[in-house]
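A quick write-up on the structure given underneath.
The values are calculated or read from the model by the stated rules, or taken from the named source; none is laboratory data. Every value quoted in this text rests on a predicted model; they were computed, and no experiment measured them. FYI the Cβ positions are ideal-geometry reconstructions off the backbone, even for glycines, and counts take in every protein chain you see. Note: accessible area is taken over every heavy atom of the protein model, side chains too, but ligands, DNA and RNA are not part of it. Shrake-Rupley method; radii C 1.70, N 1.55, O 1.52, S 1.80 Å.
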Amino acid sequence: MHASVSYVLKGKRPTRFDCRRFDFVSATQALSMMYTIEKINNSTLLPGIKLGYEIYDTCSDVSKAIDGAMRIITESNSSNENSTNTVCSKYEPVVKAVVGERYSEISASIAQLFSLYLIPQISHASSASILNNTVKYRSFLRTVPSDIYQTKALAKLASSLRWNWVGIISSDDDYGRSALGTLSADLESLSVCIAFKEKLQYNVNDPQIYSQIREIIQTLENTSSANVVFVISKAPSLLKLFSKIIKHNITRTWIASDSWATSAQVSGLANIEKVGPILGFSFRKGYVEGFTNYLQNLQPYPEGVNSFVEEYKELRFGCTDEYMRYKNCSKPAAENCNASDTVKLKSPLTCTIQNISLANDDFLIRYIHNGTAFSVYLAVSAIAQAIQKLICNNGTCKNSSFPPYQLLNQLKEMQFSVPAGSFSFANLGFINGYDLIAWKMINGAITFETIGDYDIANSHITINELLLPWESKDKIPFSNCSRQCEPGQIKKYSDIRCCYTCVYCSEGYYSPEFDMNVCLKCPDLQWSNNGSARCEDRTHQFFGWTNPFAIVLTCFSAIGFVIVLAAVAIFLKNLNTPAVKAAGGIYSCIMGVTLLFSFLSTAFFIGEPSDTTCQIRQTMYGISFTLCVSFVLLKSLRILIAFEVSKRGKHGLKVTYQPALFIIIVTSIQIMICLIWLLVKPPSLTFIYSIPQIVLLQCSEGSYVPFGFMLGYIGVLAFICFALAFKGRKLPEKYNEARLITFSMLIYLFVWVSFIPVYVTTVGVYFPAVQVVAILASNYGIVCCHLLPACYIIVFESKSNTRQSYQQHLVRHIKAKRSVFSVSKFVNDQEVSSSNGVGCQTNFPLWHKHMSGVNCLMRKRHKSL
C-alpha cells in the first residue's frame, strides 16, 4: 500500500518500519480484491459461506513483506501452534490463501515461507522467470504470464522495428536480474545486440542509486550510440532516473516492461514527454465489471475497519502535503477551502473547485491498471471456485476447516471459469498475452494507447503502424550499430556481431533489399555488375555469320566448294581420258562429291547453334571425309599392287578390284561410330556463362570418346595412305602420286595433331572456328594434291593426255629401271601394243589397263628367258 519504507540505518535494537508514500496503484489493486470478495459474498457461489480478508502492507520492501508473512503463518487454529514442530498435517492457519505480492523480488522472498507450509500464494503481477522453479516455490501460482514471454515480446518488438543496437537498464533485484538474462538471450536469438547494460538500485533509499544514475547519464550522453533503451525496473526508481534525464536534456526511445508501462506515477512526472517516445508491454487488459463504479462511490464497510482506506480519504480530500504533490493543489487554496467536512469526504476536487458533482469521485480510476486489476480478480475468483469444489456439494457448503495444502492441490488441478473465458495454473500462470502500449501526450496529459499486442501461443507480435508515436514507419528512430546497407551492398560483420561495414556485391551477384547479409546469385541467363541491386539479361553470343573471321572462313569454304564442283564437272566431261582414268576415273568424281559435303559441313559450325546443327556438323564431316580418304587409300593401294603384282601374283591384285565393297566396309565403320555417338550421348546445344554479361551458345560434343574415335579413325586411314604412298615412291611418274598423297596426308596429320591442343585450350566465341580451320586445311590438302593436278593436265597439257603418251612414259620408266631381267629389246611400240592384244587381255578398269599390259609383257619375257 506504500511505495517505500524508511530504515533506521544505525541502530542497536529492532525498530518498527516507517512506511511512506501512499501507492495509489497498489491501493486500487487491493480494492479490486475487496470488490471481488464482496461480489462473491453477495453471490450464490458459496452459499452459507462468507470470505474475509486481511491486508498486510509490504511497503514495497522485502523485510516488511517477510514480517507480514510471519504474522500470517503464526495466526493458526491448530492446537499445536505452540509446538516446535509447526510443520505438521494438523497445521491450519487462519489464512487459507495469499494474494500478492506485486513485485517479483518480494514474492520470491515470501514464497519460500509459504511453500514450507504449502499455503497457496497467487500473485497478480510478479512475472519474474525465477518464480518458475516449482521445487523452490512449491505453492506459488500467478495470474499473469512469466517474464520468459515478456522478454520474447520485447525482443520481437526490436526486431520488427529493425533495431539491432539497444541498451538495457534493469533493476538490481530478482525481477531485473532474471529479466535481463532472458531478454539478452532473446535479443541475441533475433540478431539484436546489446550496446550497454546498466543496473539501477530498486530501493530508492539506497545511496548507491545516485552513483548508478550518474553512470547511466554518462553512458547515454557520451558512450553509447544506441537510440533505443529497454528499461526493466520499478516506477519509484524510474522517477529519480527520468528526473535527471530531463535535466540533462537526453532524448531516447524507451521500451517499458510491464512494471511501469502504464505507470501513472512516471507518466505524471513533469516534462516527461521530453525524454522521448515511450513504448511498452502491459498485461492484456481485462475489465472487472462494476469496479469503476465501485471506485467512484467508495464507502467503508459498516462492520469493517480499513486503515488504508482511511489514509486514502485523508490524502484525497484533506489537502495534505502528500495530496498536493499528486494534485498540484496550492497550500493557500487548501487553507482557504471553506467546504464542510461532509463535502470534503465526497468531492474529488473540493479543495480546488467548488460546486462539483459529489456522486462521482474519479480520482482512483486513473490508477487502475486494467491488466493487474483483472489479475487480482482472477486470483480471488480461482480461490473461491477451489473452495467451492473443496467444501460444497449439490449447492450446499459445509463450514468446515481445511488445511491450505488441500486448497493448493485443488487450485493446481482445476480449470477455472471467468467472464473472459477459462484458465488453469498448469503453466504457472494465466497465458493471455500482452498489450503493446504507446505513451501519447493529449491535452497536456499522457494517455496510454494500445497500438498492438503479442500473442504468446503463436509468438507473434502485431503492431498498428498508423498508431506509432512517429508520423510514419519511415521515421522510426534508427538504432543500429552501423548504417543501413543500400541495395547492391551486403553486411560484412566485424568482431561485434551487429556491427558491420557495407561492401558491394561482386559481378554476377546482387542484393535487392536493404541490409542483406548475402548477395544473391543471378540466374544463369542474367548478369549484374559490381554493386548491382538487380540482374540484367545476358547478351547471347555465338560464332555468327557477321563475325569477320566467320566471313573469311565462309569465303574459303565457298571457294573450295566451287573448285571441287568445277573439278568434278571437268572429270565428268573428260571421263575417258587417260588423266582422269589415272586419277581414278568415276571414283575421283565420287571423291569430289564427298569433298563437297565436307566443305558444306563447315556451314553448320557458323551461326546460332541448335541440337540439330550440333549433331549434323560432326557426323557430316566425319562420314564425308572418311569416304574421301577411303578413295585415296584405294587409289594408293591399287597403284602399288598393280606395279608389284609380279611379286604377289593375281590374288593380291584381285583385292583391289572390289572397290565398292572396299569403300563400303571402310566407311561403314565410321558410320557405326557416329551412330553409337548419336544414340548414347549425342552433341547438343549448351550455354556457357563463364564470360561476364554474355551467355555463349556453343555445341557440346556430348561425349569426347566417340568424338575422339571418329577423328582417330580418319587419322588411322590417313596414316595407312601415307605409308603406302611412301612405299610406292619409285613408281612411274605419271602413275606415281606418292609424293602428292604423302603431302596431302602429312597436311591432314599435322593439322589434326595441332588441332587437339588448340581445341582443348580455346574458349569463347571462336571455339567452333578451330575445327572449321582444320576441316578447310584438310579439304584443301586433298583438292590440291588429288584433283588439281589432273585438272591441270586436262586443261593445260591436253597433248600429253593421250594413251600413247602414257604408254611411252611407262616404257621409259621400265628401261630406266635396273633389274635382273633385260627387257629393253622387247620394249617398243609394237610390243606395247601387242600387250593389249591376244594373250594379255584383262578385265581391269580403264585406269589400270596400261599397267596390266606392261606386267603381262614382263611375265612373257621372263618365261622366254
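Here are a few things to note about the model shown:
- Residue within the range 183-197 that is in contact with a Gly (Cβ under 9 Å, 6 or more places away or on another chain) and either in a helix (DSSP H, G or I) or charged (D, E, K, R) (or both) present: yes
- Number of positions in the range 221-257 that are within 19 Å of Ser104 (Cα to Cα) and under 37 Å from the mean Cα position of the chain (by Cα): 5
- Checking each residue in the range 585-630 for being at positive phi and of a type in the set (Ser, Thr, Tyr) picks out no residue at all.
- Inside the range 672-687, residues that are under 15 Å from Thr626 (Cβ atoms) and open to solvent by less than 40 Å² (accessible area, probe 1.4 Å) make up a count of 3.
- Scan of the range 293-327 for residues that are at pLDDT 75 or above, hydroxyl-bearing (Ser, Thr, Tyr) and open to solvent by less than 60 Å² (accessible area, probe 1.4 Å), ordered by number: Tyr294, Tyr312
- For the range 567-587, taking the residues that are surrounded by fewer than 19 Cβ atoms within 10 Å (Cβ to Cβ) and free of Cβ contacts under 8 Å to residues at least 60 places away in the same chain, the one that is nearest to Val632 (Cα to Cα) is identified as Ile586.
- Of the strands (runs of 3 or more DSSP E) contained entirely in the range 390-456, those carrying at least 1 residues that are modelled with pLDDT of 85 or more fall at 416-418, 434-442, 445-455.
- Candidate set from the range 258-300 (those that are under 18 Å from Lys440 (Cα atoms) and among the acidic types (Asp, Glu)); member that is nearest to the chain's Cα centre (by Cα): Asp258
- Looking only at the range 548-557, and only at residues there that are open to solvent by less than 90 Å² (accessible area, probe 1.4 Å) and in contact (Cβ under 8 Å) with a residue 12 or more places away in the chain, the one that is farthest from Asn517 (Cα to Cα): Ser557
- Of the residues in the range 655-663, not one is modelled with pLDDT under 90, surrounded by fewer than 17 Cβ atoms within 10 Å (Cβ to Cβ) and in contact with a Lys or Arg (Cβ under 7 Å, 6 or more places away or on another chain).
- Residue within the range 455-474 that is under 30 Å from Arg252 (Cα atoms), touching a residue at least 40 places away in the same chain (Cβ under 8 Å), surrounded by fewer than 18 Cβ atoms within 10 Å (Cβ to Cβ) and hydroxyl-bearing (Ser, Thr, Tyr) present: yes
- Given (1) under 24 Å from Tyr759 (Cα atoms); (2) in a helix (DSSP H, G or I); (3) in contact with a Phe, Trp or Tyr (Cβ under 8 Å, 6 or more places away or on another chain); (4) open to solvent by 20 Å² or more (accessible area, probe 1.4 Å), number of the condition Ile669 does not satisfy: (1)
- Checked against the criterion of being open to solvent by 60 Å² or more (accessible area, probe 1.4 Å) and on the phi > 0 side of the Ramachandran plot, the candidates Gly444, Gly433 yield just one match: Gly444.
- If the condition is being assigned to a loop (DSSP other than H, G, I, E, B), more than 30 Å from Gly607 (Cα to Cα), open to solvent by 70 Å² or more (accessible area, probe 1.4 Å) and at pLDDT 90 or above, then the range 508-547 contributes Glu513, Val518, Asn530, Arg534.
- Residue in the range 590-610 that is of a type in the set (S, T, N, Q), closer than 14 Å to Val772 by Cα and open to solvent by 10 Å² or more (accessible area, probe 1.4 Å) present: no
- Note on the range 36-46: residues that are within 57 Å of the chain's Cα centre (by Cα) and open to solvent by 30 Å² or more (accessible area, probe 1.4 Å) amount to 1.
- So Tyr759, is it at pLDDT 90 or above and surrounded by fewer than 20 Cβ atoms within 10 Å (Cβ to Cβ): no
- The residues of the range 206-226 that are farther than 12 Å from Ile168 by Cβ and touching a strand residue (DSSP E or B) at 6+ places or on another chain (Cβ under 6 Å) amount to a single one, Gln212.
- Considering the range 165-222, and only residues there that are in contact with an Asp or Glu (Cβ under 8 Å, 6 or more places away or on another chain) and among the aromatic types (Phe, Trp, Tyr), the residue that is least open to solvent (accessible area, probe 1.4 Å) turns out to be Tyr175.
- Test result for Cys505, of a type in the set (A, V, I, L, M, F, W, C), at pLDDT below 90 and surrounded by 13 or more Cβ atoms within 10 Å (Cβ to Cβ): no
- Scanning the range 134-146 for any residue that is in a helix (DSSP H, G or I), open to solvent by 10 Å² or more (accessible area, probe 1.4 Å), touching a residue at least 40 places away in the same chain (Cβ under 8 Å) and within 29 Å of Ile119 (Cβ to Cβ) turns up nothing.
- Here Ser690 meets the list (1) open to solvent by 60 Å² or more (accessible area, probe 1.4 Å); (2) assigned to a helix (DSSP H, G or I); (3) modelled with pLDDT under 85 almost entirely, failing just condition (2).
- Looking across the range 491-505, the residues that are part of a loop (DSSP other than H, G, I, E, B) and either under 18 Å from the mean Cα position of the chain (by Cα) or under 13 Å from Asn517 (Cβ atoms) (or both) come down to Arg497, Cys498, Cys505.
- Annotation note: of Ser700, Ser744, Ser690, the sole residue that is touching a His at 6+ places or on another chain (Cβ under 9 Å) and among the hydroxyl-bearing types (Ser, Thr, Tyr) is Ser744.
- Residue within the range 391-402 that is under 16 Å from Ser123 (Cα atoms), in contact (Cβ under 8 Å) with a residue 40 or more places away in the chain and surrounded by 14 or more Cβ atoms within 10 Å (Cβ to Cβ) present: no
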